[in-house]
1. Indicate the gyration tensor shape class of region 56-139 (rounded, prolate or oblate), computed on the Cα atoms with a ≥ b ≥ c the square roots of the eigenvalues: a/c under 1.5 is rounded; otherwise a/b larger than b/c is prolate and the rest oblate.
2. Which peptide among 117-127, 50-60, 92-102 comes first, and what is the full order, when sorted by highest mean count of other Cβ atoms within 10 Å?
3. If you plug each phi of region 119-127 into the Karplus form 6.51 cos²θ - 1.76 cosθ + 1.60 with θ = phi - 60°, what whole-Hz ³J(HN,Hα) values come out, in order, with x for Gly and Pro?
4. How large is ³J(HN,Hα), in whole Hz, for each residue of region 84-93 in order, when computed from phi with the Karplus curve 6.51 cos²θ - 1.76 cosθ + 1.60 and θ = phi - 60°, using x for Gly and Pro?
5. So for region 87-155, averaging the separation of alpha carbon pairs under 8 Å that are six or more residues apart and normalising by length, what relative contact order in percent results?
Amino acid sequence: MANERDLEALLNTGVSRRKVLVSLPVLAVGASVGLTTGCGASIPSSSVVYGSPDELAVGTPQRLPGYDVFLLRTDQGVGAISGRCTHMGCGVGIAPSGGFHCGCHGSNFAADGTVTGGPAQRDLTWFAVRIEDGNIVVDPTQEVAKDTFTPLAPSSGGEVAIR
């Protein structure tokens, strides 16, 4: 919260005391409801190594540290889904329902990225995942079909779509 010196500095920039005081509750509420979700994070521009699949809980999306990408582990394997809303590109967060919510404009998505409430009109994007040396590797430069999971059991061929 701003102290008296900070408020005085704002007032000296030509902003009225009323404008400062009216804005403070909005900023506080915005931060508490997640309007800043995803700020500072991005979609990586190349492959990122996450670590062992054992570090992921089945059924609970896990954010790829430092990025707007979520890893999903199911009985079918591991998938990666964009954490950027398809409406205006704001970061999404995990909703209590298990899906995703964009705090910027209120779009909602199911756990598989399907739009369940606008203003977004397109589903969240899925990215390629592979397992290398026992680690999950996410490749955001390669989009894949929704519900594409990479099996965790040894197999002979990379990603497969399991529907």
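1. It comes out prolate by the Cα gyration axes.
2. Ranking the peptides 117-127, 50-60, 92-102 by packing returns 92-102, 117-127, 50-60.
3. Result, ordered by residue: x, 4, 10, 10, 5, 5, 7, 9, 10 Hz.
4. 10, 4, 7, 7, 9, x, 6, x, 9, x
5. About 19 percent, as a whole number.
Here, each number is a calculation from the coordinates, and none is a lab measurement. In this text, all values refer to a predicted model and were calculated from it rather than measured experimentally. Here Cβ is always computed from backbone atoms with ideal geometry, including for glycine, and neighbour counts include all displayed protein chains.
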